[in-house]
1. Net charge within 13 Å of Val142 by Cβ-Cβ distance, Lys/Arg positive one each and Asp/Glu negative one each, not counting Val142 itself?
2. Give the distance, in whole Å, between the Cα centre of region 77-106 and the Cα centre of region 118-176.
3. Using a 1.4 Å probe on the protein chains only, how many percent of the accessible area of region 82-156 belongs to carbon and sulfur?
4. Could you state the accessible area per residue of region 62-105 in Å², with a 1.4 Å probe and every protein chain left in place?
5. Between Asp223 and His33, what's the calculated FRET efficiency when r is the beta-carbon distance and R0 is 45 Å? Round to 0.05.
6. Determine, from the Cβ-Cβ distance of Glu324 and Ser79 and an R0 of 30 Å, the FRET efficiency 1/(1 + (r/R0)^6), rounded to the nearest 0.05.
7. Hey, quick one: spin label on Ala42, modelled 7 Å out along Cα-Cβ, who in region 100-116 has an amide N within reach, i.e. under 20 Å?
8. log10 I(q)/I(0), Debye, Cα-only region 163-206, no solvent, q = 0.13, 0.26, 0.28 Å⁻¹?
Amino acid sequence: MRAFAKAILAMLSGAAVWPAAAATVGERHLVAHEASAALRNASHSDELRITIWYPAASGATETPLDIGPPGKPFYTPGSAAPNADFDDARPRRVILLSHGFGGSARIMAWFGTALARHGYVVIAVDHPGNNGRDPMTVAGAVLSWERPGDLKTALDAAKADPTIGPHLDLNRLGAAGFSAGGFTSLVEAGARVDFGRFLKFCDAHPDDGICAPQKEFQFPRSDAEALFAQPAGAAELTHAKDDLSVAGVKAVFVMAPAITKTALTPATLLGDADKVAPPETNGEVAAALIPGAKLTVLPRVGHYDFLSECTPAGDAVVPVCSTEVPRAATHKAAIDGALALFGATLGGD
């Protein structure tokens, strides 16, 4: 685990109290080309969608980032001003943000826009074949080690963009993620993937939440085996144990991280009611093995509590909308913890 010496991991620290942020948030979109996306996308397109949130000029007008039918959304992740100017010319701290299994960049906008209001540039993606906007695929679900490369490609695209690139301080780079996005963030910081370890774990613990069929996309193991029997899938598997880190990542903040004990070579904010990524085989394992890690457990908080706020329409039709603890409290704990971690490790503006 020596690769983690450069990274500090927080699983929710609610100790910090931050004043209300008044900054306006802007949102821009880029499209990059990622070779492995062609295997993961149902359309076989190599396109990777990128979303960027940042501090915007005060005169910009924010619009809702609602998810769902127009006029009757299921989720209300927040708001941002499309294509707004940056508020000034200063290079800003950068956070790479990864969504969970079957999620999207926008479903994590509650977190990304909050960091942007405090001066960060947040770069997120819709992971190909594993997001809620497109058809899910077996390749998108299984090739979890391709996710860090999505964020690396997104960072390169943002660096090359003449409007965004000058505002990135690449000496102050962090990563954050929820669920499978937490796994992604750990790999970005230097963790090594061991897919064979994941298979052995699930053979021995088929009822573990991370091994059971996921609500977002269910498929038999034989479909994954068929993928790896094909030349393209077999080629991907040979790279699973490569160094997949993103150069320069100095701090990592993960929420309810998944696949940590099961798919990372042994060498968080998480909830004690998490049945999808049980703490004892995920976040607690990472916290015990990573130097400098801080683990905070939120009582009665479940896995999907880290998604965006649901509307009454969402409560009526989306199975993961119900929570025991109000999402606002969980979100505040996550935002406070991330600001504390990144403020301490990446410095202030």
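1. On the way: positive: Arg40, Arg147, Arg221; negative: Glu146, Asp223, Glu225, Glu236.
Its environment carries a net charge of -1.
2. 10 Å
3. Using a 1.4 Å probe with all protein chains present, region 82-156 comes out at 50 percent carbon and sulfur.
4. On a per-residue basis, 42 Å².
5. Efficiency, rounded to the nearest 0.05: 0.95.
6. Taking R0 as 30 Å, the efficiency between Glu324 and Ser79 is 0.65.
7. Counting backbone N atoms under 20 Å from the label point, the list is 100-107.
8. Log-scaled intensity ratios, in q order: -0.47, -0.97, -0.99.
The values are calculated or read from the model by the stated rules, or taken from the named source; none is laboratory data. Here the structure is a predicted model, which is why all the values come from computation and not from measurement. Here Cβ is always computed from backbone atoms with ideal geometry, including for glycine, and neighbour counts include all displayed protein chains. For the accessible areas, the whole protein counts, side chains as well, though only heavy atoms, and no ligand, DNA or RNA atoms are used. Shrake-Rupley method; radii C 1.70, N 1.55, O 1.52, S 1.80 Å.
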